[in-house]
1. Are any residues in region 101-114 assigned to a strand (DSSP E or B) and surrounded by 14 or more Cβ atoms within 10 Å (Cβ to Cβ), and if so, which ones?
2. Out of the residues in region 60-76 that are without any contact (Cβ under 8 Å) to a residue 60 or more places away in the chain and under 16 Å from the mean Cα position of the chain (by Cα), which is farthest from residue 103 (Cα to Cα)?
3. Against the conditions (1) in contact with a strand residue (DSSP E or B) (Cβ under 6 Å, 6 or more places away or on another chain); (2) modelled with pLDDT under 95, where does residue 99 fall short? Just the number, please.
4. Within region 77-97, which residues are surrounded by 12 or more Cβ atoms within 10 Å (Cβ to Cβ) and farther than 14 Å from residue 125 by Cα?
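The values are calculated or read from the model by the stated rules, or taken from the named source; none is laboratory data. Given the structure is predicted, the values throughout are model-derived calculations rather than measurements. Cβ atoms come from the backbone with ideal geometry, glycine included; neighbour counts cover every protein chain shown.
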């Protein structure tokens, strides 16, 4: 498993869909994951440390886990199948260790709130790199080229 961090959020210029960008902590590899608007908002609000008067869904989930004496030990993006990413949330609590199936966007939103490591399997990184279209935008440009051309201030400044 490769430890990664949230590099930021951006918008696919062709579809206006949010893209979560993960970057290898000790390397240069990135992993773009197309996510929903609500999940992008949850991730962006945590990255920007925006607080709300009432707990939002991911905050509530963290509060519930803490109330039950559990914590998130790590999240893993484990599989890429038919252009869909799969993730696991690993928990530790009074009953021992367990894991839950999750969408990567939800797992990462929770990991950010829990300050838990985000891991991606080598197989997912290889599959994403080899997958037709995974490294290219709908306009045929390499994501690497698009991301390198962006202003660093564009990352983490997702408009809510």
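1. Restricting attention to region 101-114, the residues satisfying the condition of being assigned to a strand (DSSP E or B) are 101-102.
Scanning region 101-114 gives a single hit, 102.
2. 73
3. All conditions pass for residue 99, except number (2).
4. Hits for region 77-97 are 88, 89, 90, 91, 92, 93.
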